[in-house]
Amino acid sequence: MFVDVHSHLSFPQFDDDRDDVIKRMLENGITYLIDPGTDALTSRKSIELADLHPFIKATVGLHPHEVTSMPENTVFDELQALLQSDNVVGVGEIGLDYHYPDINPQAQQEAFRTMLNMAMDHDLPVVIHSRDAWQDTLDILRQERRSNLRGIMHCFSGNSELATECIRLGLSISIPGTITYKKSQLPDVVRSIDMEHILTETDAPYLAPVPFRGKRNEPAYVRYVTASIAELRQLPLEETAHIVSRNAIRLFGEF
């Protein structure tokens, strides 16, 4: 069983052929997929997709790109209500992203804190996005952390030292298709941390691995991520897939 813990299969990029994408996913042995929400609307769509397929679960989140100003309390109320849905297994995609110039760091930070505490209040794992914001991300995690904080650093892009610090805070490292890119530092990360802290994802439709780089990504391609990890750790592919599956089940539960 292969695992894709972060795939936006409910996004419009798959509206024309979603059934075919799911068929290819299953044919390639991917039977565990988490579809994350990025705001109230996409969180609802993720839940709707999960309600249709027993091998898909949803998370409810507020992506930092959606935080241009501090959201009204009604947004958080709506997200909190969605957490009651049967097929929700976490809170995310949440976090910080300072990559673009027209961002509001304070609003992102306040929303991140709110969503982190929502997750811990509900005893749910988090799915964290951090881009060009590592110091603030780690500071907020340290400040808000409770004993039940757990989850993943989604689409991890840091170095081995950052990975170690995230693990110390209770988070696993989710490896995307960028591990196959020539300039990626993820091979060093994968070699340096214990396998029990590693998960796999596509972040589809984005960041397709080699040999599909530049094309639309899809869940079936998580096999390439798993194969890269297996090669780096000098493990059989099936054993690597089993370890990652066990890690996902331990964090998000069985489907």
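Here are a few things to note about the model shown:
- In segment 193-204, the residues that are within 13 Å of the chain's Cα centre (by Cα) and not small (Gly, Ala, Ser): Ile198, Leu199, Thr200, Glu201, Thr202, Asp203
- Summed over segment 124-160, the residues that are touching a Lys or Arg at 6+ places or on another chain (Cβ under 9 Å) and charged (D, E, K, R) give a count of 1.
- Filter pass, Lys183 being surrounded by fewer than 16 Cβ atoms within 10 Å (Cβ to Cβ) and modelled with pLDDT under 95: yes
- Identity of the residue in segment 119-134, of a type outside the set (D, E, K, R) and under 19 Å from Gly253 (Cα atoms), that ends up nearest to the chain's Cα centre (by Cα): Val127
- Residues considered: Leu162, Leu207, Leu235. Of these, the only one that is over 28 Å from Asp17 (Cα atoms), assigned to a loop (DSSP other than H, G, I, E, B), of a type in the set (A, V, I, L, M, F, W, C) and modelled with pLDDT of 95 or more is Leu235.
- Residues located in segment 15-67, provided they are in a loop (DSSP other than H, G, I, E, B) and buried (at least 23 other Cβ atoms within 10 Å of the Cβ): Gly37, Thr38, Gly61, Leu62, Val67
- Residue-level check: of (1) under 17 Å from the mean Cα position of the chain (by Cα); (2) under 28 Å from Ser245 (Cα atoms), Glu66 misses just (2).
- The one condition in (1) within 23 Å of Gly37 (Cα to Cα); (2) free of Cβ contacts under 8 Å to residues at least 60 places away in the same chain; (3) surrounded by 15 or more Cβ atoms within 10 Å (Cβ to Cβ) that Met195 fails to fulfil: (1)
- Pairs, first without any contact (Cβ under 8 Å) to a residue 40 or more places away in the chain in segment 97-109, second part of a loop (DSSP other than H, G, I, E, B) and exposed (fewer than 11 other Cβ atoms within 10 Å of the Cβ), C-beta under 7 Å, six or more apart: Asn104/Ser69
- The number of residues in segment 68-96 being closer than 14 Å to Ser46 by Cα and either surrounded by 15 or more Cβ atoms within 10 Å (Cβ to Cβ) or free of Cβ contacts under 8 Å to residues at least 12 places away in the same chain (or both) comes to 12.
- Taken over segment 169-196, residues that are charged (D, E, K, R) and part of a loop (DSSP other than H, G, I, E, B) amount to 3.
The values are calculated or read from the model by the stated rules, or taken from the named source; none is laboratory data. Keep in mind the model is a prediction, meaning the values are calculated, not measured. Heads up, the Cβs are rebuilt from the backbone with ideal geometry, glycines too, and the neighbour counts pull from every protein chain shown.
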